[in-house]
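S.K.: Starting off with a structure, shown below.
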């Protein structure tokens, strides 16, 4: 364990010395640029205007990416960047959920900007080293490792050696090699992507942290949109941050006591209320599985259905039996009292290149319990855990992979695919063995696995081009929007959630708006006006987490005991006030709850215009596959016939008893598709956009975001 040993086996290509300086009010006021093609390393100043308009986090990333690219830039062009960002609150340890990194790039799946929120220690360590953001640009002609070393105040680019590629081994190796002592392992964090990211468009990034109690390296994921594929296209083996360590106030905040006070209040809520609310400390997000099943929201068989009798086999109590309990280190940043980053320890693998080895498996989260389970008609926790491990170490987004798997299995059962077309794999719903083999094929870049790695959008195009199936049917059942696969909630009975998915800037990911309970269960937003207001406020509020380096889970996965008595309980107003107080305490500013929404609006509209600049971002791109809105197949309709017939009678004014099944499905589809178009109109109006989905010049002026480069894009479309 020594840097000297690492340097003996890795050729140093470039070293850049910098002068460390303390953070000021949450900001370093500089970013780092590394070009792995020509080995340029630069420091860039952060202007006051950049802080005012873009705040931090993905706001900084979007601004830097815009400046680095052109309207013609595509994901695999050298000028495309991966930008890893922090935020002014990122790195404090006195409040839960404050260690998030925000990553942006032009996506291989969508050809527009994708952003991903990820835990673990890299973001805070990069920030402590002296930089608010890291731009990775260029393409290397050889495998490289980038090291940001606060302990020596250097940035270095090394030629990679013969170390393992897959993330669980690579992160462990680099942590051991670059830490100065056993204790110093806690101060090393690695960003990497495994072999599957080389062979697919759905590669993701792993961010590591050292679990001081388990004495093991663990991984968290920046999962969506193929960011890991971009990393590997640039021939970056890993990016490493080595910190001097964590102390009480490395962000040099203005009012530490105000933050500590809010932290104490939140920690008491977790101690007193978590067991009776969401059980995050014992089950993590996997507690949701049966809740979703009970409300007909759990994706089963490629989102055909929302529940299944076997869901009990993958319930929260089952996951609790696998998770190691009582681990204070089950937080993906220091000081997080939610401890929801659960893990399965010493799990013996049954397949693949690491068969027979015992490993730690991080999660599974709720998204993985469904994407690596129910969506494929598989209700076997061992399958979920093992495929979760391999997705992580291979560098595959579990959400995208599950939705891809569901699409493939439905195509197989519909006759679009067969064993000849899948290279001998029988990929029907419930076939766990062949599903696992497909995952290993993808990692090896072999056979049908190579096609699966293209993603749902490109598979639809390929299958139609080959004449294997009806293009409209595949469009209806292919659960993707903008090229990104849906995350794991059935939205058929929540019009607001349909908008929350398909109107997203990056594609259908629930981190922007999760409105199912407000809309479907509690009927709190019954009118188009109320839905539009929710689809304005919640995406903007959730965007704010990504500007500051925050996790959203402490916001609403535990609530104050009297939250239901507040005027707007869905907003959890006491926690909103916590965040306003913390932001002001860090930065010394004096914003209110209304201004944080405006902060997000500026960045949200910037990202929308960025998409338009890249040739998308319009109303046509907010279209959703019909399965997100209603029943595509007869068996789907019949599975909930009582519900659909009742809606025909009460909402559409038709008598289902006089109609054929086909007629009922046609009228149901007309009604639901029309409702979605009306929702688009209402939301666009509330957001200050025209009916084509383009932000209005007047709205940009009102937000003080009428930058010339933005007006140049949108003025011709007014």
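The values are calculated or read from the model by the stated rules, or taken from the named source; none is laboratory data. Everything numeric here is computed off the predicted structure, so don't read it as measured data. Backbone-built Cβ (ideal geometry, glycine too); neighbour counts: all protein chains shown.
S.K.: Is there any pair with a first residue in region 1-19 that is closer than 24 Å to residue 30 by Cβ and a second that is at pLDDT 95 or above and assigned to a loop (DSSP other than H, G, I, E, B) whose Cβ atoms are under 6 Å apart and which are 6 or more apart or on different chains, and what are they?
M.R.: Between residues of region 1-19 that are closer than 24 Å to residue 30 by Cβ and residues that are at pLDDT 95 or above and assigned to a loop (DSSP other than H, G, I, E, B), the close pairs are 13/39; 14/39; 18/153.
S.K.: Applying the selection to region 654-666, what residues are in a helix (DSSP H, G or I) and surrounded by fewer than 18 Cβ atoms within 10 Å (Cβ to Cβ)?
M.R.: 657, 658, 661, 662, 663, 666
S.K.: Could you run through region 547-564 and say how many residues are over 20 Å from residue 599 (Cα atoms) and buried (at least 24 other Cβ atoms within 10 Å of the Cβ)?
M.R.: 2
S.K.: Also, quick follow-up: Pick from 619, 598, 602, 613: which is closer than 30 Å to residue 561 by Cα, touching a residue at least 24 places away in the same chain (Cβ under 8 Å) and more than 20 Å from the chain's Cα centre (by Cα)?
M.R.: After ruling out the rest, the residue left standing is 598.
S.K.: Does residue 432 satisfy the criteria of being surrounded by 22 or more Cβ atoms within 10 Å (Cβ to Cβ) and either assigned by TED's automatic domain parsing to the domain that holds residue 224 or on the phi < 0 side of the Ramachandran plot (or both)?
M.R.: Answer is no for this residue.
S.K.: A follow-up question, please. Filter region 81-99 for residues that are touching a strand residue (DSSP E or B) at 6+ places or on another chain (Cβ under 9 Å) and part of a loop (DSSP other than H, G, I, E, B) and give the result.
M.R.: 81, 86, 87, 88, 90, 99
S.K.: In the set 672, 687, which member is surrounded by 20 or more Cβ atoms within 10 Å (Cβ to Cβ) and touching a strand residue (DSSP E or B) at 6+ places or on another chain (Cβ under 8 Å)?
M.R.: Testing whether each residue is surrounded by 20 or more Cβ atoms within 10 Å (Cβ to Cβ) and touching a strand residue (DSSP E or B) at 6+ places or on another chain (Cβ under 8 Å) leaves just 687.
One line per residue, one yes/no per condition, for (1) within 22 Å of residue 227 (Cβ to Cβ); (2) assigned by TED's automatic domain parsing to the domain that holds residue 290; (3) in contact with a strand residue (DSSP E or B) (Cβ under 6 Å, 6 or more places away or on another chain); (4) surrounded by 23 or more Cβ atoms within 10 Å (Cβ to Cβ):
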position	(1), (2), (3), (4)
499	no, no, no, yes
520	no, no, no, no
529	no, no, no, no
542	yes, no, no, no
545	yes, no, no, yes
573	no, no, no, no
584	no, no, no, no
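S.K.: Then there is this: Please determine, by comparing only the residues of region 294-316 that are part of a helix (DSSP H, G or I) and free of Cβ contacts under 8 Å to residues at least 24 places away in the same chain, which one is farthest from residue 554 (Cα to Cα).
M.R.: In this case the residue turns out to be 309.
S.K.: Of the residues 218, 264, 237, 214, which is outside any loop (DSSP other than H, G, I, E, B), within 30 Å of residue 326 (Cα to Cα) and assigned by TED's automatic domain parsing to the domain that holds residue 146?
M.R.: Among 218, 264, 237, 214, only 218 is outside any loop (DSSP other than H, G, I, E, B), within 30 Å of residue 326 (Cα to Cα) and assigned by TED's automatic domain parsing to the domain that holds residue 146.
S.K.: Picking from 438, 442, 462, which residue would you name as being over 24 Å from the mean Cα position of the chain (by Cα) and part of a helix (DSSP H, G or I)?
M.R.: Only one candidate passes the filter, namely 462.
S.K.: In this structure, is residue 513 closer than 22 Å to residue 115 by Cβ, modelled with pLDDT of 95 or more and not assigned by TED's automatic domain parsing to the domain that holds residue 410?
M.R.: The answer is no for residue 513.
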